[in-house]
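Written out below as structure tokens is the structure these notes cover.
The values are calculated or read from the model by the stated rules, or taken from the named source; none is laboratory data. These numbers were taken from a predicted model, which means no experiment stands behind them. For neighbour counting, all protein chains shown are included, and Cβ atoms are generated from backbone atoms with ideal geometry for every residue, glycine included. Accessible surface is based on the protein model in full, side chains and every heavy atom, while ligands, DNA and RNA are left aside. Shrake-Rupley method; radii C 1.70, N 1.55, O 1.52, S 1.80 Å.
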Amino acid sequence: MPINRPAATALAAVLCLLTTACGGSSGQGDETDGQDSEAAASKAGYPVTLDNCGREETFEKAPSRVVVMNGASVAEVSTLLALGLQDRIVANQQSYGMSEVPGRAAAVKALPTGDIKLNDAYDIPREAMFGLRPDLVLSLTSYGFDQKNGFATRGQLSEIGANSYVSPQGCDDEPSEMTLDDSYRLLRDMGKIFNVGDRAEKLIAASEKNIATVAEKVEGEKRPEVMVLFSHMTMGANEFSSVVSNGIVNDILARAGAVNAFADASRTTFADLSKEKVAAADVDAVVVIAYHDPNPAAYAEKLLKEFPQWPAARNNTYVTLSDSMYLGPSNDLAVEKIATTLHPDAF
């Protein structure tokens, strides 16, 4: 999840997302049975060249030693799992501890970590990265390749034979313009890199179909004003500094028949709000995004008691989510849960 720096250092182990199905359990047997044909297809599908943040990355074959940097995200690891590529991961630092996708949190937890001692930014330092001998390193934003923070640069990784990839809208380290299309782009890019484009397109088609079905049902309904924030998280000077103002959440809310109550509070992804400003808003519903929080509902209920003047408090309207509210392959689950909560009569 994109976060303002240097807040990332104090909080880097925070935010992330995931998929439409537990890709780890499906398709593995088929891959084994069709090993020869897949090898032939793999050879025919390369080289593959992507323009990533203005940098050309060329893949001569499918990566087999993938390192997934923390970046306060689970978008990348979830996408790989959704595509059935968990066996390519040699070190993963991403985790939310929970997911809307059954089995996803356990699948993430089961991945190797590389036994790395993380640096002060809660991520993989340069020398440890080299020791992992990666052939592909994934980072949510360009921050993960910043030499000033002790990370291996993209150029240094190239020198040891490793490709690198920054996720959509992460080039400038402030993905406030992110939409659902960026989740699909991440899937498509990984599909191209690993020569599993057909799997990526199936996931995208299923997600688009689910979202379109929900959007059709709530079309014409009054759009509630929704506050989206992370539970038990402080990212700025004020008490409410983890309120999401821009980014993919706004696209998710729109498809679910809602609007962000604090969309104008900041130009960046997060707004840093005083309690007074929060109290003055008309909040019809609250979406709490949980990161390693075993009881996000308790946080939501406490928040509603704190602001009894909100319509959300009077109607006890809230939704708790985790990985599906951010970049990744399970955004349709967030759209559906929000829509069914806010517009129950439409379903």
(message) Contact order normalised by length for region 229-347, with contacts defined as Cα pairs under 8 Å and 6 or more residues apart; what percent is it?
(response) 26
(message) Antiparallel versus total DSSP beta bridges in the chain: what percent is that, nearest 5?
(response) 30
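Using only the Cα atoms of region 142-217, build the gyration tensor, take square roots of its eigenvalues as a ≥ b ≥ c, and label the shape rounded, prolate or oblate: rounded if a/c is under 1.5, else prolate if a/b is larger than b/c, else oblate.
Here region 142-217 falls in the oblate category.
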(request) Compute the relative contact order of the chain as a whole-number percentage, counting only Cα pairs closer than 8 Å that sit 6 or more residues apart in sequence. (result) 21
(message) Which of 169, 94, 156 ends up with the largest GNM mean-square fluctuation for the chain, with Cα atoms connected below 10 Å?
(response) 156
(message) For residue 305, give me every one of the lysines with a C-alpha distance below 20 angstrom, ignoring sequence neighbours fewer than eight places off in its own chain.
(response) 275, 277
(message) I'd like the accessible area for residue 341, computed on protein heavy atoms only with a 1.4 Å probe and all protein chains in place. Round to 10 Å², please.
(response) 50
(request) For residue 148, go through the lysines and keep the ones whose alpha-carbon is under 21 Å away, minus same-chain ones fewer than eight residues off. (result) 117
(message) Counting only other residues whose beta carbon sits under 13 Å from that of residue 131, what net charge do I get with K and R as +1, D and E as -1?
(response) +2
(message) Springs between alpha-carbon pairs under 10 angstrom, Gaussian network model over the chain: which of 291, 96, 46 fluctuates most?
(response) 46
(message) Around residue 306, under 15 Å between beta carbons, what's the net of Lys plus Arg minus Asp minus Glu among the other residues?
(response) +2
(request) Report, ordered by chain and residue number, the lysines lying within cross-link reach of residue 209, taken as a straight Cα distance under 30 Å and ignoring same-chain residues fewer than 8 apart. (result) 109, 192, 217, 222, 337
(message) Probe radius 1.4 Å, ligands and nucleic acids left out: which of 272, 251, 264, 172 has the largest accessible area, and how do the rest follow?
(response) 264, 172, 272, 251
(request) Using a 1.4 Å probe over the heavy atoms of the protein chains, calculate the carbon and sulfur portion of the accessible area of region 167-267 as a whole percent. (result) 42
(request) Give, to the nearest whole percent, the P(r) tail of the chain beyond 25 angstrom, counting all Cα pairs. (result) 51
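Tell me the mean residue ellipticity at 222 nm calculated for the chain from its helices only (DSSP H runs of n ≥ 4, each -39500 (n - 2.57), averaged over every residue, nearest 500). List each step's numbers first, then the result.
Values: 14 runs with 125 residues, N = 347.
Rounded to the nearest 500, it is -10000 deg cm²/dmol.
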(message) For a test of the definition: using alpha carbon positions, the gyration tensor, and the 1.5 limit on a/c, classify region 118-271 as rounded, prolate or oblate.
(response) oblate
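Could you tally the net charge around residue 332, taking each other residue with its Cβ under 13 Å from the Cβ of residue 332, Lys/Arg +1 and Asp/Glu -1?
Net of charged neighbours comes to -2.
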(message) Probe radius 1.4 Å, ligands and nucleic acids left out: which of 292, 232, 343 has the largest accessible area, and how do the rest follow?
(response) 232, 292, 343
(message) What whole-number volume per residue, in cubic angstrom, does the convex hull of the C-alpha atoms of region 90-138 give?
(response) 92
(message) Please check: in the Gaussian network model of the chain (C-alpha springs, under 10 Å), which one of 248, 160, 211 has the largest mean-square fluctuation.
(response) 160
